[in-house]
Amino acid sequence: MSNPAMREAYGKALADYGAVNPAVVALDADTSSSTLSSYFASRFPTRFFNVGIAEPCMVDMSAGLALGGMLPFVNAFAALVALRALEQIRTCICYNRANVKIAASYAGVSDFKDGPTHHAITDIAIMRSLPEMTVIVPADAGEAAAFVKLIAEYDGPVYLRLNRSATQAVSQPDDNLQIGRGIVRRPGSDVTIIACGSMAGRSLQAADILAGRGVDACVLDMHTVKPLDNELILKMAGETGGVVTAEEHTVIGGLGSAVAELLAQEMPVPQACVGIKDTFACTGPDPETIMDAYGLGVRDIADAALKVMEKKIK
Amino acid sequence: MTIEYSDQQIRELEQIAAALRRDSLRMIYQRQAGHPGGSLSAADIMAALYFHVMRIDPQNPDWPDRDRFILSKGHASALLYSALARRGFFPAADLDHWGELTCHLQGHPDRLKTPGVDMTSGILGHGIAVGAGLALAAQLQGRSYHVYVLLGDGECQGGIVWEGANACAKFGLANLTAILDYNKVQLDGPVQEIMPMEPFADKWRSFRWNVIEIDGHNIGQILSSLDQAHSVKGKPSVIIAHTIKGKGVSFMENKAQWHGIAPNKEQFEAALAELGGGSK
């Protein structure tokens with residue numbers, strides 16, 4: 001079975017859900033052929049609004065549409081919507097509690113061709129800090145598609161972070177995906193790797209390497225960064241006594257920070273954060289090469305886990 | 001079609017506008033915070049909208065078919081609160097508690113806290129683009145409500161206003177009318193000095209809007225311009241209302257320093273005397 005790009009899976013799922021729920025409208029900022037909101041646009045042309053390259057306007061309009069009883073999905077490049085339209089998101093969506101879903105595509109370094117201007121490596125940190133906002137980072141195409149219905153039927157603002165490309169498939173038909181409930185992708189007793197987005201698949205590969213070194217790693221797919229699944233994290237941190245976080249994002253403010261905030265207050269255990277180390281990445285031939293070059297490699301996750309193992313109280 | 005308004009109708013709305021000015025100033029004086037200049041300049045517009053034009057039901061503030069109002073210049077919140085209270089959305093006594101920790105009346109309007117507030121505002125510039133979404137929703141749902149957006153002149157210096165204006169024109173939102181409270185003074189000084197917006201009307205025309213210019217303190221002109229805006233098909237209208245910042249209080253008129261400070265006791269009493277007496 002082929003593994004589609006995350007944006008492809010999302011775009012088709014949005015169009016399918018549009019057929020089920022007539023309140024759904026989609027907006028885009030001249031990127032519909034990239035975000036693949038074009039699937040929705042071609043099926044529901046009267047419910048699709050292209051506002052041109054004006055993300056702040058698109059976000060404000062979505063707030064108005066939500067207040068008028070529609071269910072807007074805003075589609076844009078993550079780097080643009082999370083930064084240029086941030087004040088609109090804070091004031092008109094979050095503070096105003098407008099029921100808007102932000103589908104932020106081309107996240108992380110997945111827009112490898114366009115370089116750091118188009119990378120989104122700060123968006124989780126920014127969105128996570130906004131009151132009322134739910135932040136979801138699907139691990140693969142299957143999760144991206146499944147979350148469309150889940151976030152549409154959740155009442156409140158949601159930031160759905162999507163990769164441009166395919167990520168390693170990790171989801172299973174019987175996942176019982178739920179907002180705010182992490183998934184154990186691999187049980188393990190020595191260390192817990194908590195990952196979101198593209199790093200979930202890479203963490204499973206790292207766990208294989210670790211198994212070869214005699215380390216039994218648990219891998220959690222933490223698709224919802226906010227609200228965080230405190231219960232599952234505390235359970236696994238307690239059972240394994242050490243944590244690694246892994247995200248296609250800066251190490252400042254994202255999943256790693258969210259987990260550290262929890263553990264520092266509830267259950268201090270050794271933690272290592274795998275992420276981009278407070279720097280801009282660069283253009284590359286594909287996302288994987290950039291990720292490997294900026295500390296997001298499978299090897300980096302495994303090394304981080306071994307360091308945590310050393311720090312664990314024997 | 002021209003609707004004629006009787007002298008009595010106009011006189012009544014003028015009296016309401018005077019009352020809204022008094023209420024607003026009293027709120028600002030009691031709280032020792034707020035924005036008198038831009039509240040006084042828009043009082044006649046608000047009287048016309050809330051006491052004649054808009055289809056609203058204070059007993060049913062969430063009525064889906066009600067006309068919508070967005071105070072894009074959210075700092076004129078005292079004026080909006082005065083209008084909502086006098087219209088019966090909440091008890092007038094609430095106005096005395098503006099800004100207190102447990103009072104629903106926030107510094108800037110909050111739709112989740114105050115009955116009758118259709119859109120949270122305060123950060124300038126959002127009204128047109130949010131209004132565009134609301135007007136589109138009406139069209140999608142086949143509802144006949146109209147969206148009114150009260151704009152400040154200074155806020156039009158921000159690009160988001162024009163992104164929204166472009167979108168309103170593209171989507172043919174004839175069910176949206178912007179009223180520009182063009183009082184020509186902003187926080188730091190005259191608009192013409194801080195960042196000139198002239199030719200203002202030409203800007204709106206070039207964005208494909210129907211443009212009407214009026215004296216924003218003439219109730220008859222305000223009512224007629226809103227009628228005219230309603231009759232236009234296929235595009236949004238902007239009413240450029242030439243107003244005076246601080247209108248009605250001689251020592252506040254056209255003075256930037258009265259943008260965002262409260263009067264002291266002597267000033268408040270002098271202002272009330274000019275606005276036609278009693279504080280209630």
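Taken together, the values in this text are just the output of simple stated rules run on the coordinates, not laboratory data. This one's a predicted model, so the numbers in the text were calculated from it and none came from an experiment. Here the Cβ positions follow ideal geometry from the backbone for every residue, glycine too, while neighbour counts run over all protein chains shown.
Classify segment A:197-299 as rounded, prolate or oblate from the Cα gyration tensor: take a ≥ b ≥ c as the square roots of its eigenvalues, call it rounded if a/c is under 1.5, otherwise prolate when a/b beats b/c and oblate if not.
Cα axes put segment A:197-299 in the oblate bin.
How do A:Val148, A:Val251 line up, fewest other C-beta atoms within 10 Å first?
Taking fewest neighbouring Cβ atoms as first place, the list is A:Val251, A:Val148.
Among B:Phe171, B:Ser39, B:His126, which residue has its Cα positioned farthest towards the positive end of the charge dipole of chain B, with +1 placed on the Cβ of Lys and Arg, -1 on the Cβ of Asp and Glu, and the dipole taken about the Cα centre?
Looking along the dipole axis, the top candidate is B:Phe171.
Taking the Cα centre of segment A:183-311 as the origin, how large is its charge dipole in debye, to the nearest 20, when only Lys and Arg (+1) and Asp and Glu (-1) carry charge on their Cβ atoms?
Computed about the Cα centre, the dipole is about 120 debye.
Taking every DSSP beta bridge with both residues inside chain A, roughly what % is antiparallel (nearest 5)?
About 15 percent, rounded to the nearest 5.
With a cut-off of 8 Å between alpha carbons and a minimum separation of six or more residues, what is the relative contact order of segment B:127-240 in percent?
Relative CO of segment B:127-240 lands at 29 percent.
Give me the distance between the Cα centres of segment A:173-249 and segment B:95-121, rounded to whole Å.
44 Å
In segment B:165-267, which trypsin sites (Lys or Arg not before Pro) are in a loop and have at most 16 other Cβ atoms within 10 Å, using DSSP for the loop call?
B:Arg208, B:Lys233, B:Lys255
Which of rounded, prolate, oblate describes segment A:244-314, given a ≥ b ≥ c as roots of the alpha-carbon gyration tensor eigenvalues and a/c under 1.5 marking rounded, otherwise prolate only if a/b is larger than b/c?
The shape class here is oblate.
Helix A:230-240 versus the longest principal axis of chain A: what angle, 0 to 90°, nearest 10, using Cα atoms?
Tilt relative to chain A: about 20 degrees.
Counting only DSSP beta bridges with both residues in the protein assembly as shown, tell me the antiparallel percent, nearest 5.
On the way: 9 of 65 bridges.
If we restrict to bridges inside the protein assembly as shown, about 15 percent are antiparallel.
Given 0.36 nm per residue, what is the gain on full extension from A:Thr46 to A:Asp278 after removing their alpha carbon distance, in nm?
79.2 nm
Would you tally the net charge around A:Glu143, using a Cβ to Cβ cut-off of less than 9 Å, leaving A:Glu143 out, and scoring K and R as +1, D and E as -1?
On the way: positive: none; negative: A:Asp140, A:Asp175, A:Asp221.
Result for the neighbourhood of A:Glu143: -3.
Magnitude of the Cβ-charge dipole of segment A:1-145, K/R +1 and D/E -1, about the Cα centre, nearest 20 debye? Kindly include the intermediate steps, with their values, before the conclusion.
On the way: 10 positive and 13 negative charges, 47 e Å.
It works out to roughly 220 debye.
How would segment A:73-192 be classified by its alpha-carbon gyration tensor: rounded, prolate or oblate, with rounded meaning a/c under 1.5 and the a/b versus b/c comparison settling the rest? Don't skip to the end; give the middle numbers.
Numbers: a/c = 1.80, a/b = 1.27, b/c = 1.42.
Verdict is oblate for segment A:73-192.
Rounding to the nearest 20 debye, state how big the charge dipole of segment B:7-274 is about its Cα centre with +1 on each Lys and Arg Cβ and -1 on each Asp and Glu Cβ.
I would put it at about 540 debye.
Once you've got the Cα coordinates, tell me which of B:Lys73/B:Lys265; B:Lys170/B:Lys235; A:Lys101/A:Lys149; B:Lys184/B:Lys245; A:Lys12/B:Lys170; B:Lys170/B:Lys233 are over 18 Å apart.
B:Lys73/B:Lys265; A:Lys12/B:Lys170
Rounding to the nearest 10 and keeping the result within 0 to 90°, find how far the Cα-based axis of helix B:219-231 lies from the longest principal axis of chain B.
Result, in degrees: 20.
Residue by residue through B:161-171, how many Cβ atoms from other chains fall within 10 Å of the Cβ on average?
That works out to 4 on average.
Hey, in the GNM for chain B with a 10 angstrom Cα cutoff, which one of B:Asp118, B:Asp62, B:Asp110 fluctuates hardest?
Looking only at B:Asp118, B:Asp62, B:Asp110, the largest GNM fluctuation is found for B:Asp62.
Which percentage, to the nearest 5, of the DSSP beta bridges contained in segment B:7-274 is antiparallel? List each step's numbers first, then the result.
Working: 2 of 24 bridges.
Of all bridge pairs located within segment B:7-274, approximately 10 percent are antiparallel.
Do you know the relative contact order of chain B, to the nearest whole percent, from alpha carbon pairs under 8 angstrom that are 6+ apart?
Relative contact order, chain B: 24 percent.
Specify the longest stretch of chain B that does not include any exposed loop site, a site being one of the GluC sites (Glu not before Pro) with a non-H, G, I, E, B DSSP assignment and at most 13 other Cβ atoms within 10 Å. If you can, show how the numbers build up before the last one.
On the way: sites that count: B:Glu4, B:Glu100.
Result, exposed sites excluded: B:101-280.
Listing B:Asp215, A:Asp190 from the residue with the fewest other Cβ atoms within 10 Å to the one with the most, what is the order? Intermediate values should be presented prior to the final figure.
Working: B:Asp215 15, A:Asp190 19.
Lowest count first: B:Asp215, A:Asp190.
Report the net charge of residues surrounding A:Glu55, where surrounding means a beta-carbon distance below 12 angstrom and charges are Lys +1, Arg +1, Asp -1, Glu -1.
Overall, the nearby charge balance is -4.
For chain A, calculate the relative contact order in percent as a whole number, restricting contacts to Cα pairs under 8 Å that are 6 or more residues apart. List each step's numbers first, then the result.
Numbers: 742 pairs, mean separation 51.9, N = 314.
Answer for chain A is 17 percent.
May I ask for the distance between the Cα centers of segment B:53-78 and segment B:1-26, given as a whole number of Å?
Using only Cα atoms, the two centres lie 18 Å from each other.
Would you order B:Tyr148, A:Tyr17 from fewest to most other beta-carbon atoms within 10 Å of each residue's own beta-carbon?
Working: B:Tyr148 24, A:Tyr17 19.
Listing B:Tyr148, A:Tyr17 from fewest to most nearby Cβ atoms yields A:Tyr17, B:Tyr148.
Does anyone have the angle between helix A:55-67 and the longest principal axis of chain A? Alpha-carbon axes, 0 to 90°, nearest 10?
80 degrees
Let me know the mean shielding of B:139-145 by other chains, meaning the per-residue number of their Cβ atoms within 10 Å of its Cβ.
Mean inter-chain Cβ contacts per residue within 10 Å come to 3.
Calculate the mean, over all residues of peptide B:104-115, of how many other protein chain Cβ atoms lie within 10 angstrom of the residue's Cβ.
Whole-number average of other-chain Cβ neighbours for B:104-115 is 1.
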